[in-house]
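What follows is one structure encoded as structure tokens, with my remarks underneath.
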Amino acid sequence: MTVLARRDSIPKLTGPDRGPKDPASGTAAARRRAFFRDPATIAGLALIGLVLLGAIAAPLVAAIVGHGPIEQFPDESLSDTGLPISGGNGFLLGADDSGRDVFVRTLYGAQVSLFIGIVSTTIALVVGTAVGLIAGFVGGRTDNTLSAFTDIALAFPFLITALSVVTLNRGPQGDDVIDPAWVVIGIVALFSWTYFARLVRGLVIEIKQRSFIHAAIGSGAGRTRIILTEILPNVLPAAIIYWAVQLPANIIGEASLSFLGVGIKAPTPSWGTMIANAQQTGLYQYQPWLLLAPAISLFITILGFNLVSTQLRRRFDPTSTGK
Amino acid sequence: MTAFARTQFLRTRLTRMLITVIAVVIVTFVLTQVAFTNPAQNLAPPNASGETIDSIARAYGIDRPWYEQLFGYFVKGPDIQGTPTGFLNWPPSLGYSYQQQRPVTELLLEKIPATLSLAAGALMLWVIFSVLLGVLAARRQGGWFDKVTSGFSYTFLSLPTFVTGMLLIYFLFYQLSLAGFRFFPSSGYVPITESPGEWARHLILPWLTLALAEIAIFQRVIRSSVLEVVNQDYIRTAKAKGLSDRRIYFGHALSGALNPVLTLGGIELAAIIGGAVITEQVFGIDGIGRLAVTSASSGDAPVVIGITLFSAVVFVITTFVVDLITYARSARQ
């Protein structure tokens with residue numbers, strides 16, 4: 001998939017449902033019940049639960065096996081020729097080329113992925129919603145300017161620009177000026193707020209025409225109050241569903257940047273860096289877990305969020321028709 | 001739409017495209033100015049005197065203020081190492097790469113065939129398999145084939161490009177060669193002019209890597225558009241008249257379902273450059289994507305600006321072409 005795909009253009013993966021079984025029909029309570037009973041939701045929530053459990057249990061597991069995520073144990077885990085030994089030394093999934101525990105690092109990797117994914121998507125949600133509210137409500141020249149910005153932002157190639165932005169963080173000695181995690185969060189948010197802005201703007205323009213807004217204006221409410229108390233509560237549910245849709249894309253964004261060597265850097269455990277390490281050293285040939293453990297973890301995480309967000313859109317998204 | 005309105009539409013669209021591209025270049029230019037500090041000092045040998053650094057800066061024209069450099073980029077700047085700068089030259093020039101010591105235009109032209117081969121092959125696979133799988137899944141909605149393709153979709157939508165690539169290398173290159181089947185190479189690129197067979201053999205895994213996620217999305221889009229169409233009256237009439245299933249699904253229904261496919265296709269095609277950066281990195285293909293990674297990390301500003309410009313142009317042109325086709329189709333109907 002293209003990195004940071006335009007998630008709003010991806011259709012729901014289920015076909016048209018017609019008649020009384022249309023998932024977007026029925027009362028809110030009925031829809032909620034149906035949502036939680038759907039096997040796809042249950043599977044998705046189970047996968048997300050598994051990842052959360054891994055992230056929370058990471059320090060505990062590290063304490064039990066006695067291997068910290070960035071500690072190196074070359075004597076116990078590497079052979080004389082420097083290749084990881086498989087099995088029989090307390091390293092459940094073996095070690096990497098520096099003698100670090102792959103299992104412990106994979107669990108810590110869940111913390112990194114979730115943290116960066118959730119924080120960057122939330123920033124994008126806040127910024128995008130704010131811009132969309134203003135553009136949609138004020139309209140006119142403000143709207144045109146903001147829309148032009150959105151157009152230009154879309155024409156930037158994410159990875160190439162991100163590569164240049166990352167060099168901004170390089171100090172005079174080639175060291176990082178601020179924690180690279182925040183740089184990654186900034187870049188991923190920078191490239192995903194536009195989708196929220198477009199979504200919210202569209203909704204606001206529609207809601208603005210409704211009678212309760214005219215009533216509020218008529219009763220003398222100010223602009224800020226109307227936006228915050230009348231419009232925001234009506235666009236927020238859609239924006240939050242969209243948050244769940246964008247989250248897996250942003251997790252992929254972080255992993256891809258780390259894979260290219262400009263995101264989270266070793267020795268901090270990130271799934272992207274671990275796979276890059278497996279590729280660059282060619283160690284996946286002797287130690288497949290160095291590749292497979294982070295690959296499977298990324299897959300489980302993204303699949304879990306994809307399953308749940310697809311169901312959310314299917315059942316609750318006011319902008320979709322339930323197809 | 002009258003001829004006048006059509007010209008008007010074209011004019012606004014083209015102006016907006018031009019403005020977008022210019023804005024992208026300006027932003028990238030400023031960004032590289034800020035991000036790549038002291039390019040001359042990086043080029044100079046360690047412990048070089050201030051004088052040496054100054055002369056290097058003069059040689060590459062980076063001692064001038066940034067607005068002069070930007071003006072030179074768009075219009076006409078001084079020659080650098082015998083290479084002209086600026087668009088008002090013939091052929092238009094994108095400047096000179098400090099790190100590679102070569103004109104940027106020449107560098108880009110040299111790397112484009114590899115990236116183009118990658119993108120074109122992936123696109124072929126993507127279109128053929130999406131149509132085939134999508135239509136077949138729609139024919140028996142809810143049947144076993146539909147369920148299998150739906151599972152396939154979820155799987156490949158949930159794998160980042162680089163993970164798909166590494167897994168293909170692990171299973172189809174490494175495991176197969178352990179089993180004695182050494183067909184797929186794990187990296188490298190052979191130009192088609194050298195040997196078409198080797199060219200294709202080296203590109204099969206990269207093509208798959210780039211195409212799988214797209215097929216995952218598109219066969220679902222095609223499936224739901226086809227389902228939407230076959231439930232409409234004119235298809236029912238065609239069915240009642242005894243038209244064969246194949247003609248109904250691959251003929252009528254597919255052409256009726258083409259609009260959403262085209263729209264999404266344009267967006268994804270334009271974004272393929274991003275996918276190429278990753279795929280080229282995974283498979284060691286020496287194309288535009290790898291050039292982008294090396295130039296950005298070594299602070300080679302002219303190349304970074306050139307590549308950003310290239311992909312922005314690809315983006316606006318593909319979106320424009322897709323809009324034109326959609327527009328032409330809607331005008332005909």
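Computed from the coordinates by the stated procedures, all read-outs in this text should not be read as laboratory data. If you're wondering where the values come from, they're calculated on a predicted model, not measured in any experiment. Glycine also receives a Cβ, built like all others from the backbone with ideal geometry; neighbour counts cover every protein chain displayed.
What dipole magnitude, in Debye to the nearest 20, does chain A give about its Cα centre under +1 on Lys/Arg Cβ and -1 on Asp/Glu Cβ?
Approximately 1920 debye in magnitude.
Can you tell me the length gained on complete extension of the stretch B:MET124 to B:ARG247, counting 0.36 nm per residue apart and subtracting the Cα distance? Write down the numbers at each step before the final one.
Numbers: separation 123, 0.36 × 123 = 44.28 nm, distance 2.23 nm.
Answer, rounded to one decimal: 42.0 nm.
Add +1 for every Lys or Arg and -1 for every Asp or Glu among the other residues with Cβ under 14 Å from the Cβ of B:LEU176, and state the total. Can you show the working numbers first?
Details: positive: B:ARG182, B:ARG201; negative: none.
With Lys, Arg at +1 and Asp, Glu at -1, the net is +2.
Quick one: Cα centre-to-centre distance for the stretch A:43-107 and the stretch B:25-63, in angstrom?
Between the Cα centres of the stretch A:43-107 and the stretch B:25-63 lies a distance of 44 Å.
Taking 7 Å along the Cα-to-C-beta vector as the label spot, tell me the A:ARG210-B:GLU194 distance in nanometres, rounded to one decimal.
6.3
Between A:LEU78 and residues 5 or more places away or on another chain, which pairs have amide H atoms under 5 Å apart, with H built 1.01 Å from N, and which residues are they?
Placed amide hydrogens put A:ILE85 under 5 Å from A:LEU78.
Relative contact order of chain A, please, whole-number percent, based on alpha carbon pairs below 8 angstrom and at least 6 residues apart.
30
With N set to the number of residues, divide the alpha-carbon radius of gyration of the protein assembly as shown by 2.2 N^0.38 Å and report two decimals.
Its radius of gyration relative to the 2.2 N^0.38 Å reference: 1.02.
Taking every eigenvalue of the Cα gyration tensor of chain B, multiplying by 5 and rooting it, what semi-axes result, largest first, whole Å?
45, 28, 15
So if we plug the beta-carbon distance of B:TRP90 and A:LEU168 into 1/(1 + (r/R0)^6) with R0 = 25 Å, what FRET efficiency do we get, rounded to 0.05?
0.10
Between the helical axis of B:3-35 and the dominant principal axis of chain B, each derived from Cα atoms, what acute angle in degrees is found, rounded to the nearest 10?
Roughly 50 degrees, rounded to the nearest 10.
Which number gives the lysine pairs in chain A that have C-alpha atoms under 29 Å apart and are eight or more places apart or on different chains? Show your work: numbers first, answer last.
Values: A:LYS12/A:LYS21; A:LYS12/A:LYS208; A:LYS12/A:LYS323; A:LYS21/A:LYS323; A:LYS208/A:LYS323.
Here the count comes out as 5.
Using 7 Å Cα-to-Cβ label points, what is the B:THR294/A:TYR286 separation (nm, one decimal)?
Each label point lies 7 Å from its Cα, and together they span 2.8 nm.
Quickly work out the A:LEU45-to-B:ASN259 label distance, labels modelled 7 Å from Cα along the C-beta direction, and quote it in nm with one decimal.
Placing both labels 7 Å beyond Cα along the Cβ direction yields 3.8 nm.
Taking R0 as 51 Å, what's the FRET efficiency between B:LEU116 and A:ARG37 from their Cβ-Cβ distance, rounded to 0.05?
Between B:LEU116 and A:ARG37 the formula returns 0.55.
Want the number for A:ILE118 to A:LEU83: 0.36 nm per residue separation, take away the alpha-carbon distance, what's left?
Residue separation times 0.36 nm, minus the Cα-Cα distance, leaves 9.0 nm.
Below 8 Å between Cα atoms, with a sequence gap of 6+, how large is the relative contact order for the stretch B:1-87 in percent? List each step's numbers first, then the result.
On the way: 47 pairs, mean separation 13.7, N = 87.
The value is 16 percent.
Which residues' amide hydrogens lie under 5 Å from the amide hydrogen of B:ARG102, considering only partners 5 or more residues apart or on another chain, with H built in the peptide plane?
B:SER97
Can you give the extra length, in nm with one decimal, that the chain gains between B:ILE325 and B:PHE71 once fully stretched, where that is 0.36 nm per residue apart less the Cα-Cα distance?
Roughly 87.9 nm would be gained on extension.
Round to the nearest 0.05 the FRET efficiency obtained for A:ASP75 and B:ILE26 when R0 = 56 Å and r is the Cβ-Cβ distance.
0.50
Is there a simple number for the mean count of other chain Cβ atoms within 10 Å of the Cβ of residues in A:253-263, and what is it?
4
Scan around B:ILE285 for amide H atoms under 5 Å from its own, H built in the peptide plane at 1.01 Å from N, and keep only partners 5 or more places away or cross-chain.
For B:ILE285, the qualifying residues are B:GLY188.
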